[in-house]
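Okay, so here's the structure we're looking at.
Here, each number is a calculation from the coordinates, and none is a lab measurement. Computed from a prediction, not measured in an experiment: that's the story for all the values here. Here the Cβ positions follow ideal geometry from the backbone for every residue, glycine too, while neighbour counts run over all protein chains shown.
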Amino acid sequence: MDALRIMERLERRSFLDRQVSRREFLRFCGRMAVLLGLSDSMIPRIAEAVENTVKQRRPSVIWLEFQDCAGNTESFTRASSPSVAQAVLEAISLDYHETLMAAAGHQAEEARRRVLEENRGRAIVVVEGSIPTRDGGVYCTIAGKTALQILKEIEPYALVFVAVGTCAAFGGLPRANPNPTGAVAVEDIIRTKPVINAPGCPANPDVLMGILVHYLVFGRLPELDAQNRPKFAYGKRIHDTCERRPHFDAGQFVVRFDDYGARQGYCLYKVGCKGPETYNICASWRWNLAASWPVKAGHPCLGCSERDFWDKFTPFYHRIPLAAGFGVEARADQVGKVAVGLTGAGIVAHAIYTGLVRRAERKADELAEQESPESDEG
């Protein structure tokens, strides 16, 4: 092995192996390829893009918190592969985050000002929480400035705003009637820069990872839907990949949380599940190392990633009146009779997703083996 190749490996290992093995990192790249709808042939390109970014100028990320519970910060710090998440964070420069940063007070505000000046037009601004506008926006004030003032001051410096969580994306709970603070979403304030909405209460941390990885790989933002949500994460209804979908198709429903159907894992539609009306990746990507999600755990989907979900879907444990998406709007009582041909769709869809992830992981393992038999050593 020549000296140049040895040096390249040392540089690569100094970045990644502090947190993860080469194999684990490539597996993460494989999962990102599946999440973004890319073939496993893109795994090396994703890995190269993340690694090369470290050696060059890292994108600056400013994370703002307004009317929120910090749930999205909690979610992001608990990504499916925390050590890999840390590695990707090294591929960006998280220059300001009130909850995570060590600096406080004047030091923190000065750091944000300096970073914005150095990255004018290039900063990725992540916003968590809604923005109050009533009474001049006084209901959320940081360092003597309202959230509204801070957003408008930062707007000229931003490349893009990422509204993470339903409060930032759509106003969320603070915007629910009667909306005493006049809470609005990021997209209601920002007019001159693109806004990406990543709703959820909280948002799945891998969605934000996917947005960042897409930008690192392609140098552009991901394709968005009509509500400015990335299509790779919000392109399908939760209902379409839910493991309880076959029970919906068969007309088998939980009527009470302690009944026979609940113990058998029947569909939760009649106790308020909003999966047929909600677009997100919860059923396919899941949470906690992909181990589970609310519906699998026995709780109906509340539709938390939908616009105005609090007002639209309450009372939460009442079913929505119609089940859309079957050619006709059949009532749940009749679905078992009219949707026989759809039985098993959720299981099949989830099996396809799982198969893609497993294939990507095998490809990652092969790449790790090809690079070096020592590449998986810590």
**Request:** Find how much the distance from ASP259 to ALA297 grows on full extension, using 0.36 nm per residue of separation minus their present alpha carbon separation; answer in nm with one decimal.
**Result:** 12.2 nm
**Message:** With +1 assigned to the C-beta of every Lys and Arg and -1 to the C-beta of every Asp and Glu, and no other charges, what is the dipole magnitude of segment 58-233 about the Cα centre in debye, to the nearest 20?
**Reply:** 320 debye
**Request:** Would you grab the residues whose amide H sits under 5 Å from the one on ILE142? Only those 5+ places off in sequence or on another chain, please, with H modelled 1.01 Å from N.
**Result:** ALA147
**Message:** Quick check: pseudo-label points 7 Å beyond the Cα along Cα→Cβ at LEU221 and HIS106, how many nm apart are they?
**Reply:** 3.6 nm
**Asked** Residues with amide H under 5 Å of LEU159's amide H, sequence separation 5 or more or different chain, H placed in the peptide plane at 1.01 Å from N; which?
**Response** ARG122, ALA123, ILE124, VAL125
**Prompt:** Where does the Debye-calculated log10 I(q)/I(0) of segment 58-233 sit at q = 0.11 Å⁻¹, using only Cα point scatterers of equal weight, no solvent?
**Reply:** -0.42
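Hey, fewest Cβ within 10 Å first, where do ARG237, ARG22, ARG58 land in order? Don't skip to the answer; put the middle values down first.
Details: ARG237 19, ARG22 23, ARG58 16.
The fewest-first ordering by Cβ neighbours comes to ARG58, ARG237, ARG22.
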**Asked** In whole Hz, what ³J(HN,Hα) sequence does segment 105-111 give by Karplus (6.51, -1.76, 1.60; θ = phi - 60°), x for Gly and Pro?
**Response** x, 4, 4, 5, 5, 5, 4
**Item:** Beta bridge orientation in segment 138-291: antiparallel %, DSSP, nearest 5
**Value:** 45 percent
**Item:** Taking segment 58-233 and dividing mean pair separation by its residue count, relative contact order in percent (alpha carbons under 8 Å, at least six apart)
**Value:** 24 percent
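After finding the eigenvalues of the alpha carbon gyration tensor for segment 229-314, what semi-axes result from the square roots of 5 times each, listed largest first in whole Å? Don't skip to the answer; put the middle values down first.
Values: eigenvalues 88, 45, 27 Å².
In descending order, the three semi-axes are 21, 15, 12 Å.
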**Message:** I'd like the FRET efficiency for ILE142 and ARG58, computed as 1/(1 + (r/R0)^6) with the beta carbon distance as r and R0 of 22 Å, rounded to 0.05.
**Reply:** 0.30
**segment 58-233: antiparallel DSSP beta bridges as a percent of all, rounded to 5** = 25 percent
**Asked** Computed over the Cα atoms of segment 160-273, what is the ratio Rg over Rh, Rh following Kirkwood?
**Response** 1.10
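Do the alpha carbons of any pairs in LYS236/LYS270; LYS152/LYS274; LYS193/LYS312; LYS236/LYS274; LYS145/LYS312; LYS274/LYS296 sit beyond 24 Å of each other, and which pairs?
Values: LYS236/LYS270 21 Å; LYS152/LYS274 35 Å; LYS193/LYS312 29 Å; LYS236/LYS274 13 Å; LYS145/LYS312 33 Å; LYS274/LYS296 14 Å.
In this structure, LYS152/LYS274; LYS193/LYS312; LYS145/LYS312 lie more than 24 Å apart at Cα.
Once you list every other residue whose beta carbon is under 11 Å from the beta carbon of GLU223, what net charge do they have if Lys and Arg are +1 and Asp and Glu are -1?
Values: positive: ARG220, ARG229, LYS231; negative: ASP225.
Result for the neighbourhood of GLU223: +2.
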**Where labels lie 7 Å past Cα in the beta-carbon direction, separation of ARG362 and GLU74 in nm** = 3.9 nm
**Item:** For MET101, MET209, MET32, order by how many other beta-carbon atoms lie within 10 Å, fewest first
**Value:** MET101, MET209, MET32
